[in-house]
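The values are calculated or read from the model by the stated rules, or taken from the named source; none is laboratory data. The structure presented is a predicted model; accordingly, all values stated were derived computationally and were not measured. Neighbour counts run over all protein chains shown; Cβ positions are idealised from the backbone, glycine included. Accessible surface is based on the protein model in full, side chains and every heavy atom, while ligands, DNA and RNA are left aside. Shrake-Rupley method; radii C 1.70, N 1.55, O 1.52, S 1.80 Å.
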Amino acid sequence: MLVSLLRRLIQATFVLVAMTVIVFLGVNVIGNPVDILISPQADQAERTRLIAEFGLDQPVWIQYFEFVKGALQGDLGTSYVFNEPALKIILQHLPATLELAVAATLMSVAIGIPLGLYAGLRPKSLPTRIIMAGSILGFSLPTFWVGMLLILCFAVYLGWFPSSGRGDTVTVFGIPWSFLTLDGLQHMLLPAFNLALFKTSLILRLTRAGVQEVMPQDYIRLARAKGLSNRRIVAVHVLKNVLIPVVTVVGLEFGSIIAFSVVTEKIFAWPGMGKLIIDSINVLDRPVMVAYLMIIVVLFILINLVVDVLYTILDPRIRLNAGRGR
Amino acid sequence: MIENRNIAMQGDDVAENVRKAFEMNRPPILSIRDLTVSFLNNETWTPVVRDISFDVGRKETVAVVGESGSGKSVTAMSVMRLLPAETSRVQGSIMLDGRSLTQMSDEEIRDIRGNEVAMIFQEASLNPVYTIGFQLVETLVRHRRMMRNAALAESVRLLEKVRIPAARTRLNDYPHQLSGGMRQRVAIAMALACQPKLLIADEPTTALDVTIQAQIIELIKHIQQEDDMSVLFITHDMGVVAEVSDRTVVMYKGDMIEAGPTEQIFHHSSRPYTRALLTSIPQLGSMTGKSEPEPFPVVDHTTGEVTPPDPADRSVVPAPDPMLRVSDLTVRFDIRGGLFGGVTGRVHAVEDVSFDLFRGETLSIVGESGCGKSTTARAIMGLVKPKSGQIRLDGGELGELSAEMKVAMRRKMQMVFQDPFASLNPRMVVGDAIAEPIARFTDLSARGVADRVAELLELVGLAPDMARRFPHQFSGGQRQRICIARALALNPQLIVADEAVSALDASVKAQVVNLLLDLQQRLGLAYLFISHDMAVVERISHRVAVMYLGEIVEIGPREAIFENPQHPYTRTLLSAVPVADPSRRHMNRGLDETEIKSPLRSVDYVPPRLPIREVAPGHFVRQVS
């Protein structure tokens, strides 16, 4: 276990190094921030001074090494726009996205797994047909459209939930959180549901497929032949086997919610990272873009690690210390 | 036929039979009358089991035997009410000890399951994600209302009862950490948890190696006597039937053909189907005194008419040079682990294997799982890279040929695999599957390819117009014929058949073996026949090689290996094969829990090269360490 975690860490370092190169080069290809940031009225001397201040007069590889040098000291550069450390700006916006992502993931698991179990156990019943038809809608309706409909229905006509913002927050450890207040929760519900819709459909279908795969297995027949109740068979013998693929997808999807919650955040004016990164791209705020991408990479690596550990807990056949190039 | 309960007395166990006769007079533990089971298929109810009636007496073993699709498992499942209620309908009566199982509420039947009637299935029936202990405790808590600690102690006792070594430490193991035989022992322990009156064993030994199968059968017999339990044994193997059962029920396509004492079924059956089944099962020892292979006699399922095997000369034409010569073949697989992926162990899959194979000859390689027989075949086909050794086909050394030459050489040898469904692409019509190698390697026109496909299908006994069908439209036996046709497409000289008939039903197996023998004679093929089934090997081979832990321990003419085995392992293997002779049933082999050894060794292991001596012309035996 320890050996394999160590090996994972080494792999993660390689991924990080590779990502810094890709990200840095990629960001350098798209546009020149000088054109946007410096007022057209500025004279040539002023331009040269600013370019030198941003470090943009240096060749790309020197810029890269400057960045790596800073990154190793926890400094991912200073935002051109806010004139503050990029990392600090990202971290200010991260909690909002994180709590939205967690809420959406919890919601999709809480709805998707029970519905998927039901659909798998009673494949021909009427509720199953409705569930499966609904999941197709969940897959295919575009997020922005559903988001706007949700605002229209529940915020504008019914007035049950607010349409934008985070609402009241409580500051814990110097970070503002919405989920600790009722008002914050109300604000969170619609955007979280909007994000959860696709994931719910995915988890639901995965669970259903899992149930249909597990039910005809001999060990389920044996469990029934042992005289166990249906409830115990489903909750103990079926569920744990079904969860194995579901955990992987939930993990990956959690990462993708964080990375791609842009649309929902924009619609519900949720002040998270997604909104920040769109704004930063618009003004070519390179340090913020780079810092954001690096944070996302680190998050993905962490999530994968957690998924791997969960995997070994669920499935004893997979042992991290078994080696074999894992 | 149910009334027919006279017991064949045998001098040495009169007391046993008196006890049995006494038991017989008590009402049976399980009584099935007019059982008809129907499945819902496209909105119509199709009967899959029709009018079955039989009893299982107290302390009696009844075997239900039949080929796949005979309804034997469905019968067993309907006793336990394990068939899905929505898609199956059970009519008739099933009485357990005077109570009707079919009339019970779901709650009542659950109290019976695992408690009064227990069931074991094929080997992989333990839940892979829970420990052995968890699964044993579960049953004890459910039916015997035990507390956790008491249940754990009882679990250890149960595991010891089924002779699992170091039972206490096994409780925390997961199923995959145990061998197949040990897993089946655990399942039996679980079944015994509540001292059931009836044990239903549904093909419990089918997936096991032959020596392990013998152990499990012996264990079930032993426990049955210990616990005074009745056993309903579902199997397709007449050899197993003869070993275990007092009475036998023969089923065919959902109908009960006959039921009666096992001796009577085996020796005096009047039913054509039973006789056909008995004739078509490969029986070890049926070839004693014959040196050449011989096809199975063919028995008509409805008339019972026996067509004796074609008496053609099947001897190998002597040739100065072998077609295939394998010398000192060694295949090892590295096991990697640790932080930097270093080699932590090595599987010595094939160790110093040498043999010759002549034109028109069948050499069988036999052995149990992990002995290296399949790896040898794969190394010859070039599917795994040998560590050392030479493989010469028609004098050409395969390792030294150019890539182009290798392809040409490969055309001379083809492979047939075990699972005929998995080795045919389900989305490709079989004609295309057979045509693929022809179109790739010959200059025939489209018309010519189609003609060749038709010719090949006829050669293996199928109709040419079947070329347009998909694999799922064929039965298992027909699919294997298609695989053989595909292997023959390029006129090979050597066919490597890796367990090619192992997955087939007895009568189909006989037909495919007959086809292989027929093709050999017509086309002069050489076969490398890989199998664990000693009885089939006895039919088909000219020579036999016995492999154990990667090495050939004995090789020689078939007659010599089967009638005069020299190596202890060969003898173990031969004595473990179930013999279709009910009179041997009361022979007690003794309980044994020897596991099949693993060829996984440490990195620095150097295999001992034990000398081989020739005990008779062409009969070589490796010295025992």
Residue count, the range B:535-576 (criterion: assigned to a helix (DSSP H, G or I), over 16 Å from residue B:292 (Cα atoms) and of a type outside the set (S, T, N, Q)): 6
How many residues of the range B:80-113 are open to solvent by less than 60 Å² (accessible area, probe 1.4 Å), charged (D, E, K, R) and more than 14 Å from chain A (Cβ to nearest Cβ)? The answer is 1
State all residues of the range B:320-345 that are within 14 Å of chain A (Cβ to nearest Cβ) and part of a strand (DSSP E or B); if no residue qualifies, say none. B:333, B:334, B:335, B:336, B:337, B:342, B:343, B:344, B:345
Would you point out which residue out of A:48, A:13 is open to solvent by 50 Å² or more (accessible area, probe 1.4 Å), assigned to a helix (DSSP H, G or I), of a type in the set (Ser, Thr, Tyr) and farther than 22 Å from residue A:300 by Cβ? A:48
Lone qualifier among A:220, A:258 - being out of contact with any strand residue (DSSP E or B) (no Cβ under 8 Å at 6 or more places or on another chain) and touching a residue at least 40 places away in the same chain (Cβ under 8 Å): A:258
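Conditions tested, residue by residue: (1) modelled with pLDDT of 90 or more; (2) within 23 Å of the chain's Cα centre (by Cα); (3) under 24 Å from residue B:359 (Cβ atoms).
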residue	(1), (2), (3)
B:505	no, yes, no
B:510	no, yes, no
B:529	yes, yes, yes
B:560	yes, no, yes
B:566	yes, no, no
B:572	no, yes, no
B:576	no, yes, no
Among (1) within 29 Å of the chain's Cα centre (by Cα); (2) at pLDDT 80 or above; (3) surrounded by 15 or more Cβ atoms within 10 Å (Cβ to Cβ), residue B:389 falls short only on (1)
Do you know which of the residues in the range A:29-45 that are outside any helix (DSSP H, G or I) and free of Cβ contacts under 8 Å to residues at least 12 places away in the same chain is surrounded by the most Cβ atoms within 10 Å (Cβ to Cβ)? A:42
Test residue B:435 against the criterion of being closer than 29 Å to residue B:502 by Cβ, outside any strand (DSSP E or B), at pLDDT 90 or above and of a type in the set (A, V, I, L, M), and give yes or no. yes
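Here are some residues: A:21, A:17, A:60. Which one is within 30 Å of residue A:310 (Cβ to Cβ), at pLDDT 75 or above and away from every other protein chain (no Cβ under 14 Å)?
So the residue among A:21, A:17, A:60 that is within 30 Å of residue A:310 (Cβ to Cβ), at pLDDT 75 or above and away from every other protein chain (no Cβ under 14 Å) is A:17.
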Tally, over the range B:125-152, of residues that are surrounded by 19 or more Cβ atoms within 10 Å (Cβ to Cβ), more than 8 Å from every other protein chain (Cβ to nearest Cβ) and under 13 Å from residue A:236 (Cβ atoms): 2
Can you spot a residue in the range A:227-238 that is in contact with a strand residue (DSSP E or B) (Cβ under 7 Å, 6 or more places away or on another chain) and crowded, with 17+ Cβ neighbours inside 10 Å? yes
Just to be sure before I move on: is residue A:203 within 30 Å of the chain's Cα centre (by Cα), facing chain B (nearest Cβ under 9 Å) and closer than 25 Å to residue A:134 by Cα in the structure I sent? no
Failed condition for residue A:266, given (1) part of a helix (DSSP H, G or I); (2) surrounded by 17 or more Cβ atoms within 10 Å (Cβ to Cβ); (3) more than 14 Å from chain B (Cβ to nearest Cβ): (2)
